[in-house]
Amino acid sequence: MSDSSTRDTQWPRFELFQQERPGKPHVNVGSVHAPDGEMALLNGRDVFVRRPECHNLWAVSARHILAKTAAELAAEEALPDELVPDEAAPQLYRIFQKTSQRRSMNYVTHVGDVEARTAVEALELAQERFDAANVFVWWIVPVAAILVSSEGDVESMFQPAQGKTYRQPQEYRTFTQMQEIKRTTPS
Amino acid sequence: MNALERLLADKFLSLADDELILAHRNSEWTGHAPILEEDIAFANIAQDELGHATLWYRLRAALTGEEPDELVFFRDAADFTCAQLVELPKGDWALTIMRQYLFDALEMVRLPLYIESGYRPLTETAAKIRPEEIYHYRHTAAWVKRLGWGTVESHRRMQTALNELWPYTRQLFAPLPGEAALIEAGHLPDLTRLEMDWWAEVEPFLTAANLTIPAFTKTAVISRTDHTPHLAELVADLQAVARLDREAAW
């Protein structure tokens, strides 16, 4: 097999986080492949927030995410040692948790932020500061790596979806006629 | 219907036909776009344009009483008044993105002018369409920039697309018969102003995207009743199912 046929030609993966309304937490909704963050935000809008409500969207390259399951954390005596240079400046990390296994569509939710020098240090701090009892998955993301949709994007990117009732099945006569047929056909 | 309303009805038909035919061309990418994410995004844009076509057909219907479905599915291709730019086959991805960019740039400059129209239904419809067009422009401009600066191949394809499409843009700024009366009445913007605004948007952007705007060759402006052979083919495809059974309910 030649080298070119096995090479991964996909664009990098970006994870998307959707905030439905101001004040609600950002929740991971899935991922897109994109050449850069701006395209990830644009594609994320079309793939994930065309119908549901959305106020704000975050995109972050998957390579900036430190992800650990509770099982992984329990199996490791300690988190891998990192070389932390003494002069490493602390930065802000966003902490995400998945706290339910019940639904398949349940992704990690933003629960708060910590300041740390590395992602591992941030994870250690997060385990101390946030309720860790029912956490199945932790994601640690440096704020600097997150691309954020702006307040000015709300009108053009997110609001139009709300007026599009024609995208719902009830708007199609075929659908309503099928309902009518089912209703009037003796079973 | 008075004379001005007759002219307005013609204008709305041309706006609607442009959006309908462009939407159909864009929809031809559904399932075939270069990547899955763009397949979804571009199908969404196609659906938006179809929605805008519906709004323009309704403005016409308010004046003439003609049903939009009747105009779309049971009108002969020769009676469509779309510009030739939107009739051209979808070509490669570069041609599709370049066409969408040139059209979105027109939307970006004309909708604010339509919002200032003295004809209230036009103002309201333009205000409704505008937020979506801001998004379309951002999306297609992002692609043009990246492909213009991408690889030798992507740049070559984008420049070829621009060269092919550029002469067709003239028709977008040609007045309909009698349109001067609508401009005079304050219902529609001056077309020279519109073209200058469009140029001021498109010229610096395309230049910054590493592309060269070709010189206009001197050609007579094409009437919106003159079409490429591609339109009849598209309309036959668009109308085939509806014409199988005129009485069928969908």
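The values are calculated or read from the model by the stated rules, or taken from the named source; none is laboratory data. From a predicted model like this one, the values you see are computed outputs, not experimental measurements. Quick reminder, even Gly has a Cβ in these numbers, built from the backbone with ideal geometry, and neighbours come from all protein chains shown. All accessible areas refer to the heavy atoms of the entire protein, side chains included, with ligands and DNA or RNA removed. Shrake-Rupley method; radii C 1.70, N 1.55, O 1.52, S 1.80 Å.
Below are the figures for this structure:
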item: Threshold 10 Å², segment B:124-140 residues less accessible with all protein chains present than alone (1.4 Å probe); result: B:Pro131, B:Glu132, B:Ile134, B:Tyr135, B:Arg138, B:His139
item: Interface size A-B, as summed buried accessible area [1.4 Å probe, Å², nearest 100]; result: 2100
item: Spin-label model distance (nm) - A:Asp8 vs B:Glu66, 7 Å beyond Cα toward Cβ; result: 5.4
item: Sulfur and carbon atoms: percent of accessible area, segment B:1-160 [1.4 Å]; result: 57
item: Placed amide H near A:Ala34: partners under 5 Å, 5+ positions off or other chain; result: A:Phe14
item: Accessible surface of A:Lys182 - all protein chains present, 1.4 Å probe, nearest 10 Å²; result: 150
item: For B:55-64, mean number of other protein chain Cβ atoms within 10 Å; result: 0
item: Delta accessible area of at least 10 Å² on complex formation, residues of segment B:236-250, 1.4 Å probe, chain isolated as reference; result: B:Ala249, B:Trp250
item: Cα centroid of segment B:118-160 to Cα centroid of segment A:109-168, whole Å; result: 29
item: Within straight-line cross-link reach of B:Lys11, aspartates and glutamates at Cα separation under 12 Å, skipping those fewer than 8 residues along the same chain; result: B:Glu179
item: Karplus-derived HN-Hα couplings along segment B:109-123 (A = 6.51, B = -1.76, C = 1.60, θ = phi - 60°), whole Hz, x at Gly and Pro; result: 8, 8, 4, x, 6, 5, 4, 8, 4, x, 9, 3, x, 5, 4
item: Prolate/oblate/rounded call for segment B:33-162, Cα gyration tensor, a/c under 1.5 rounded; result: prolate
item: Highest-first arrangement of B:222-229, B:138-145, where packing means the average Cβ count within 10 Å; result: B:138-145, B:222-229
item: A:Gly112 long-range amide H proximity, modeled H, under 5 Å; result: A:Ile95
item: Global geometry of chain B, whether rounded, prolate or oblate, following the gyration tensor of its Cα atoms and the 1.5 cut on a/c; result: oblate
item: Accessible area per residue, Å², segment B:3-244 with all protein chains present, probe 1.4 Å; result: 42
item: Overall Cα dimensions of the protein assembly as shown - principal axes, largest extent first, Å; result: 83, 68, 53
item: Loop-located trypsin sites (Lys or Arg not before Pro) in segment B:14-78 whose Cβ has at most 16 other Cβ within 10 Å (DSSP); result: B:Arg75
item: Simple label model, 7 Å out from Cα along Cβ direction - B:Arg120 to A:Ser100, nm; result: 4.8
item: Length-normalised contact order of segment B:3-244 in % [C-alpha pairs under 8 Å, at least 6 apart]; result: 25
